[in-house]
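A.B. asks: The structure follows.
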Amino acid sequence: MDMSTSMKEDLANIQTLGEALANELDQVTENFRLGFGLFVDKDIGPYTWFWNEKIRSDTSVQQTFSFKNRLPLNENKALFGEAVKNTKISYNVDSPEGSLEALLQVVVCEKEIGWRNKKKARRIVILTTDGTFHFSGDGLLGGFVLPSDGKCHLENNDYIGWNKFDYPSLSQIRALMVENEIVPIFATTGNTDLYNKVANFFGQASGAVAARLNNDSSNVVPLIKEAYLKIAQIVNIRADPPKGVDIKFRAKCSKGKLTLDQSFCNDVDIGEQVTFSAEMKTSDCSNAEKDLDFLIKTSFDDVSVKLQVICECPCGNTSIQNSEQCSKRGNLSCGICFCDKEKFAGRFCQCTLEEANNQTLCRVPNVESVCSGKGDCECGECICNKGMLNEFGEIDHIYGDQCQCSNTTCGRSNGGKLCGGPDRGMCDCGKCLCNANWQGNACEEQCDKGTSMCMNNDGVECSGKGTCKCNNCVCNAGYIGDLCQECVSNCPDACQDFRECVKCKVFDTSDLNKEQCELECAKWNISSFKLQDKVPEVRRCIVRDEDDCSFVFSYNKNNITGEIELLVQRERICPAEPDILAIILGVIAGIVGIGLALLLIWKLLATIQDRREFARFDKETKNAKWNTGENPIFKQATSTFQNPMYGNQPQETPEEHVS
């Protein structure tokens, strides 16, 4: 317990509760021992008031100390209560305390603390504080450069190594606690998040628990009891295998579900059995010639394991060349075919390399993965993976042409059992095949497969109005009764029987006169009529009459007197009469609309045609070329005539005169 001044109020409460704590633990377990230790911090600056003589001379407080084993573990509850009562508070300066130094001495000083054999008792240490802690490296401030050696240094129940060594580290404390199988409970009034992280850091293997105390520690008794019960319900397993050996644990805890890669179980009741399985693999053959011995440890026992590594088979020294078992295409060695890698493949060298590379037959349509991702394609045939243990501890058997089936993928019932267990059914390719008298997706429903209770007097199953399931009738819609013998909705026989009576009595639309109407209603023993705005759905009839209207009614039958009571809806449901004016106006509007549409279409076509003609005329006008000629009947005012003889007379040559 932290004895710093900040814990003064907590100490006062714990002093009054010391004997109560012992009595409470006595109810949890009959054979227990209690001890009491105190811690503060190193008695030197900067950790404490070593220079303040007034504080150091105060007799109401203890001088600062690192750790005192005030009361070793013993069975005397009175001594425990007395030791707690006679404790004084102490003091230090800084907020962190020397709690890790105290924990280390409690863990490693087995004889001085009084620990019993760890194989015969559960060891628990409760750390009560309101502050944080010093850890490795903080001792340098006080000049302590030597790292903690992890050994016991108690003399007369006082820790004498405080002025020699640095504070220990959390990793060092965790390793020593796991080795010595001591479970810590961090009961703190403050810094709860920090101690939760410390408990998580210690891990499941340590069983560490962090719990919050009230500010005055008044809840220390129930808190410690609750934490003890939580620890007592943890079962774990661990191993320290030799180099090159890897171990994976599987835990089947109280709920019966196998958890892969888990080495612990929580919430295990007293007397309850849990099962662990271990898988060992080695990647090193250097130790093949010798046995490897190591321990697998549980809470109160050890299992000695002797592991022999086999890296070579004696049969490998001989082989059969071109063996018949290998289709004469390879050598047989240790029962395995070694094929000619350049030509053949397969377990028995049964196919060529080209055939082996064709994976078409190993794929489910529209699925890319080969063999559903659960096997290998070999020569066009799926070789499914071997069965593995699933989370429920069952062997998952993979099968099918494309390894698409499994015998563990069905529904579960009856406490999580596959198909309810072997007594109820078996799983085949994801579907439960239920045994007799069971049905459902997980064979969860008890069922009598007979049909004797479904037959009516005529030997008809469910009166022809339902199906027989588990020797009980499941009626079609509109029928009820053990044998589906009673119609309750729109029943053709009853509705037609009461049709005329309702028409003449209620709506007066029948061709029957008054006397015939009375006889018709009396024939069916109809005793009364009740008009309602809406009739119930049970035994409901909807009947159409000559006016093309429907009337709705239902009926109730008195099973004792046989009388019929009709419940009739007040208003008939008739189709709405056509609106003549709207029809006429609609026709006229349609004709006018069609006429206007035709006129508009004609006008549009005419306009288009006119524009085309005008465009053609305009084009021809622009392209026309006119000849410049004279009027053929026009005569000039003068005429010229040629003397025909004029051209035949010789012409005189004019004389030349020179002057």
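The values are calculated or read from the model by the stated rules, or taken from the named source; none is laboratory data. Since the structure is predicted, the reported quantities are computational estimates derived from the model, not experimental observations. Note that each Cβ is placed from the backbone with ideal geometry, even for glycine, and that neighbours are counted across all protein chains shown.
A.B. asks: Return yes or no: is Ser171 out of contact with any strand residue (DSSP E or B) (no Cβ under 9 Å at 6 or more places or on another chain), over 26 Å from Asp26 (Cβ atoms) and among the polar types (S, T, N, Q)?
C.D. replies: Spelling it out, Ser171 is indeed out of contact with any strand residue (DSSP E or B) (no Cβ under 9 Å at 6 or more places or on another chain), over 26 Å from Asp26 (Cβ atoms) and among the polar types (S, T, N, Q).
A.B. asks: Which condition number does Leu194 fail, the rest of (1) closer than 18 Å to Pro96 by Cα; (2) over 33 Å from the mean Cα position of the chain (by Cα) being met?
C.D. replies: Against the list (1) closer than 18 Å to Pro96 by Cα; (2) over 33 Å from the mean Cα position of the chain (by Cα), Leu194 comes up short only on (2).
A.B. asks: Can I ask one more? Hey, among Lys469, Lys449, which residue is within 48 Å of the chain's Cα centre (by Cα), of a type outside the set (Ser, Thr, Tyr), modelled with pLDDT under 80 and closer than 30 Å to Asp423 by Cβ?
C.D. replies: Lys449
A.B. asks: What residue, among those in segment 513-549 that are crowded, with 17+ Cβ neighbours inside 10 Å and in a helix (DSSP H, G or I), is modelled with the highest pLDDT?
C.D. replies: Here the answer is Cys517.
A.B. asks: Leu17: modelled with pLDDT under 70, within 48 Å of the chain's Cα centre (by Cα) and closer than 29 Å to Arg122 by Cα, yes or no?
C.D. replies: yes
A.B. asks: Within segment 5-14, is there a residue that is modelled with pLDDT of 80 or more and either more than 54 Å from the chain's Cα centre (by Cα) or surrounded by 15 or more Cβ atoms within 10 Å (Cβ to Cβ) (or both)?
C.D. replies: Within segment 5-14, one or more residues are modelled with pLDDT of 80 or more and either more than 54 Å from the chain's Cα centre (by Cα) or surrounded by 15 or more Cβ atoms within 10 Å (Cβ to Cβ) (or both).
A.B. asks: Output the residues belonging to segment 75-102 that are closer than 14 Å to Val40 by Cβ, of a type outside the set (S, T, N, Q) and assigned to a helix (DSSP H, G or I).
C.D. replies: Correct list: Leu100, Glu101, Ala102.
A.B. asks: Next up: Contact list please: Cβ distance under 6 Å, first residue in segment 221-245 and of a type in the set (Ser, Thr, Tyr), second residue buried (at least 18 other Cβ atoms within 10 Å of the Cβ), pairs at least six apart or on different chains.
C.D. replies: Going by the 6 Å Cβ cut-off, there are no qualifying pairs.
A.B. asks: Checking the structure you have, find out if any residue of segment 103-114 is touching an Asp or Glu at 6+ places or on another chain (Cβ under 6 Å) and more than 25 Å from Asn236 (Cβ to Cβ).
C.D. replies: No, the conditions are met nowhere in segment 103-114.
A.B. asks: OK, next. Identify, please: which residue in segment 181-208 is touching a residue at least 60 places away in the same chain (Cβ under 8 Å), in contact with a strand residue (DSSP E or B) (Cβ under 7 Å, 6 or more places away or on another chain) and farther than 18 Å from Gln262 by Cβ and is, among those, surrounded by the fewest Cβ atoms within 10 Å (Cβ to Cβ)?
C.D. replies: Looking at the filtered set, the residue picked out is Glu181.
A.B. asks: Within the bounds of segment 147-155, is there any residue that is of a type outside the set (A, V, I, L, M), buried (at least 20 other Cβ atoms within 10 Å of the Cβ) and assigned to a loop (DSSP other than H, G, I, E, B)?
C.D. replies: The answer is yes, given that some residue of segment 147-155 is of a type outside the set (A, V, I, L, M), buried (at least 20 other Cβ atoms within 10 Å of the Cβ) and assigned to a loop (DSSP other than H, G, I, E, B).
A.B. asks: If you take the residues of segment 314-329 that are outside any loop (DSSP other than H, G, I, E, B) and not β-branched (Val, Ile, Thr), which of them is farthest from Cys351 (Cα to Cα)?
C.D. replies: Per the criteria, the residue is Pro314.
A.B. asks: Give me the residue from segment 80-130 that is of a type in the set (Asp, Glu) and under 20 Å from Asp10 (Cα atoms) and, out of that set, surrounded by the most Cβ atoms within 10 Å (Cβ to Cβ).
C.D. replies: The extreme case among them is Glu97.
A.B. asks: So which residues in segment 553-607 are over 22 Å from Phe507 (Cα atoms), modelled with pLDDT under 80 and among the small types (Gly, Ala, Ser), if there are any at all?
C.D. replies: Listed by number, the list holds a single entry, Gly562.
A.B. asks: On to the next question. If Ala187 passes every condition in (1) farther than 29 Å from Glu75 by Cβ; (2) of a type in the set (Gly, Ala, Ser); (3) outside any loop (DSSP other than H, G, I, E, B) but one, which one does it miss?
C.D. replies: All conditions pass for Ala187, except number (1).
A.B. asks: Of these, Ser463, Ser510, which one is among the small types (Gly, Ala, Ser), touching a helix residue (DSSP H, G or I) at 6+ places or on another chain (Cβ under 6 Å) and either in a strand (DSSP E or B) or free of Cβ contacts under 8 Å to residues at least 40 places away in the same chain (or both)?
C.D. replies: Exactly one of Ser463, Ser510 is among the small types (Gly, Ala, Ser), touching a helix residue (DSSP H, G or I) at 6+ places or on another chain (Cβ under 6 Å) and either in a strand (DSSP E or B) or free of Cβ contacts under 8 Å to residues at least 40 places away in the same chain (or both), namely Ser510.
Results for (1) assigned to a loop (DSSP other than H, G, I, E, B); (2) crowded, with 19+ Cβ neighbours inside 10 Å; (3) in contact with a His (Cβ under 6 Å, 6 or more places away or on another chain), shown as yes or no for each residue.
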{"residue": "Cys371", "(1), (2), (3)": "no, yes, no"}
{"residue": "Ile383", "(1), (2), (3)": "no, no, no"}
{"residue": "Lys386", "(1), (2), (3)": "yes, no, no"}
{"residue": "Phe392", "(1), (2), (3)": "yes, no, no"}
{"residue": "Cys403", "(1), (2), (3)": "yes, yes, no"}
{"residue": "Thr409", "(1), (2), (3)": "yes, no, no"}
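A.B. asks: Here's a follow-up. Taking into account only those residues within segment 181-211 that are farther than 22 Å from His134 by Cβ and out of contact with any Phe, Trp or Tyr (no Cβ under 8 Å at 6 or more places or on another chain), which is modelled with the lowest pLDDT?
C.D. replies: Residue satisfying both the conditions and the ranking: Gly207.
A.B. asks: Let me ask another. Here's a check for you: in segment 49-73, which residue that is basic (Lys, Arg) and surrounded by 15 or more Cβ atoms within 10 Å (Cβ to Cβ) is modelled with the highest pLDDT?
C.D. replies: Result: Lys68.
A.B. asks: Which one of Leu332, Leu361 is at pLDDT below 85 and either in a helix (DSSP H, G or I) or crowded, with 16+ Cβ neighbours inside 10 Å (or both)?
C.D. replies: Residue meeting the stated conditions: Leu361.
A.B. asks: Still on this model: Test Ile173 against the criterion of being outside any strand (DSSP E or B), surrounded by 16 or more Cβ atoms within 10 Å (Cβ to Cβ) and of a type in the set (Val, Ile, Thr), and give yes or no.
C.D. replies: Criteria met by Ile173.
A.B. asks: So which residues in segment 386-421 are under 20 Å from the mean Cα position of the chain (by Cα) and of a type in the set (A, V, I, L, M), if there are any at all?
C.D. replies: Selection gives Leu418 alone.
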